[in-house]
Amino acid sequence: MTRTKGQMLLFLKSKKFNVPNLLLINLNSFLINKEFYIKKIQKKFKNQKIAIRSSSLDEDNLKTTN
């Protein structure tokens, strides 16, 4: 099974690995409804510092890493 970095982090979190809180958002969904996702991010992380990362099936694989 091929997973994005974000999906792998969710999997590891479900297996009780020490993974920070995260929220996966599809780019196309975000572009269609930015206000909804901004509010969702603000609610989930309140006044915490956050990091925004890309997570694509094309980024890291057995032959390449980005």
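The values are calculated or read from the model by the stated rules, or taken from the named source; none is laboratory data. Model, not experiment: these values are computed from the prediction. Cβ: placed from backbone, ideal geometry, glycine included. Neighbour counts: every protein chain shown. SASA here: full protein model, heavy atoms, side chains in, ligands and nucleic acids out. Shrake-Rupley method; radii C 1.70, N 1.55, O 1.52, S 1.80 Å.
Residue count for the range 6-33 under the criterion of being open to solvent by less than 90 Å² (accessible area, probe 1.4 Å), in contact with a Leu (Cβ under 9 Å, 6 or more places away or on another chain) and either in contact (Cβ under 8 Å) with a residue 60 or more places away in the chain or assigned to a loop (DSSP other than H, G, I, E, B) (or both): the result is 3.
Tallying residues that are surrounded by 13 or more Cβ atoms within 10 Å (Cβ to Cβ) and free of Cβ contacts under 8 Å to residues at least 24 places away in the same chain within the range 34-47 yields 3.
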